[in-house]
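For reference, the structure is listed below as structure tokens.
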Amino acid sequence: MEHFPVMLNESLEWLDVRPEGVYLDATAGLGNHSRAIAARLAAGRLVMHDRDGESLDQARRFTSDYAERILPVRGRFSELRETLDGLGLAKVDGLLADLGVSRPQLTSSARGFSFMNDGPLDMRMSREENIETAADLVNFSSEQELARIIAELGEERGYARKITRALIRARPILTTGQLARAVEALAGPRRGHLNPSTKVFMGLRLAVNSELEEVEALMRLLPDLVASGGRVVVISFHSLEDRLVKQGFLAHARGGRARILTKHVVRPAEEEVRTNAASRSAKLRAIEIV
Ligand SMILES: C[S@@+](CC[C@H](N)C(=O)[O-])C[C@H]1O[C@@H](n2cnc3c(N)ncnc32)[C@H](O)[C@@H]1O
């Protein structure tokens, strides 16, 4: 299963890769952005990082032509300071984060993110992490907590209470198919373009992986990770994530620790959206650490 890189040219342009620099791809995924960064390096190095060991293995294979320039490492954003310490690196010259999940993660039935492909209700970005799965949250959370996940993280405000009660009645829910059927039985046919399960699955995914907390941690850490003059480029796909990125960048700019490079958010070109529908909600923002 392929993952088409989103805003690849724009990322490289804003990152302004210097051949002798040390860069950090915080979200290696399938290695598309990593490969393009590594191709621009001479004496420089790329730290290729992802919390998902399976993705990192694929990224390693995809970037094998440049293996001598690449340091692959598994970890989460919130652990990045310790990760760089472990590699003996004080700071990097640029950082890229292409947030969210990759297409193989999203569509593989075994990973449990997809309401289209039935599989175990898992949704952990990394199967090595000993954290609660979506099945744990759906079956063991209190009604109040489940409703909060669906309403706040899934942004399903209108039906959150009703959906929560239906899920509690349908327990135990062990597969993505069971969850999708329980939501659809209640919410009825599609509303507009959106399958009624989309928001419920999104809320659970964000909760299982503490995705918003991770983005907040990344934003906080930036001046400790990136050297003065180095750039940070973040691509987000979700309005809650993009808000955290925007606020994080602004806080650093106000504190005199960064200069905002993208006065307005950068969106993919029409041509990219036509050829890769997954890029349609992408938003890119960039800063320079000062
Ligand atoms: C959209 S994909 C990246 C795709 C990649 N840029 C490419 O084009 O091949 C996002 C990746 O980020 C990883 N990821 C998401 N949140 C993370 C976090 N908090 N820490 C580390 N990796 C994370 C996911 O496991 C996934 O592989």
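The values are calculated or read from the model by the stated rules, or taken from the named source; none is laboratory data. Just so it is clear, the structure is predicted and the values come from calculations on it, not from any experiment. Glycine gets a Cβ as well: all are built from the backbone with ideal geometry, and neighbour counts include every protein chain shown. The area values use the complete protein model at the heavy-atom level, side chains included, leaving out ligands, DNA and RNA. Shrake-Rupley method; radii C 1.70, N 1.55, O 1.52, S 1.80 Å.
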Check: Looking only at segment 204-231, which residues are more than 13 Å from the ligand (Cβ to nearest atom) and either touching a Phe, Trp or Tyr at 6+ places or on another chain (Cβ under 8 Å) or of a type in the set (Gly, Ala, Ser) (or both)?
Finding: ALA207, ALA227, SER228, GLY229, GLY230, ARG231
Checklist line | Whichever residue in segment 251-270 is open to solvent by 60 Å² or more (accessible area, probe 1.4 Å) and out of contact with any helix residue (DSSP H, G or I) (no Cβ under 7 Å at 6 or more places or on another chain) and, among such residues, is nearest to ALA90 (Cα to Cα) | finding: ARG254
Next item on the list: Considering each residue of segment 113-131, count those that are open to solvent by less than 10 Å² (accessible area, probe 1.4 Å) and within 10 Å of the ligand (Cβ to nearest atom), and give that number.
Entry: 1
Check: Just one of the numbered conditions (1) within 16 Å of the ligand (Cβ to nearest atom); (2) touching a residue at least 60 places away in the same chain (Cβ under 8 Å); (3) not hydrophobic (A, V, I, L, M, F, W, C) is not true of GLY177; which one?
Finding: (1)
Next item on the list: Starting from residues that are buried (at least 24 other Cβ atoms within 10 Å of the Cβ) and under 14 Å from the mean Cα position of the chain (by Cα), keep the ones in segment 34-53 and report whichever is farthest from ARG127 (Cα to Cα).
Entry: HIS49
Item checked: The one condition in (1) loosely packed, with under 14 Cβ neighbours inside 10 Å; (2) basic (Lys, Arg); (3) within 13 Å of the ligand (Cβ to nearest atom) that ARG274 fails to fulfil -> (3)
Note to self: Can you name every one of the strands (runs of 3 or more DSSP E) wholly within segment 223-290 that holds 1 or more residues which are among the hydroxyl-bearing types (Ser, Thr, Tyr)?
What the structure shows: 226-236
Check: In segment 1-31, how many residues are within 12 Å of the ligand (Cβ to nearest atom) and among the acidic types (Asp, Glu)?
Finding: 2
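Going by the structure shown, is VAL183 open to solvent by less than 50 Å² (accessible area, probe 1.4 Å) and closer than 26 Å to VAL138 by Cα?
Values: open to solvent by less than 50 Å² (accessible area, probe 1.4 Å): yes; closer than 26 Å to VAL138 by Cα: yes.
Yes.
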Check: Can you find even one residue in segment 103-112 that is within 8 Å of the ligand (Cβ to nearest atom) and either on the phi > 0 side of the Ramachandran plot or crowded, with 16+ Cβ neighbours inside 10 Å (or both)?
Finding: yes
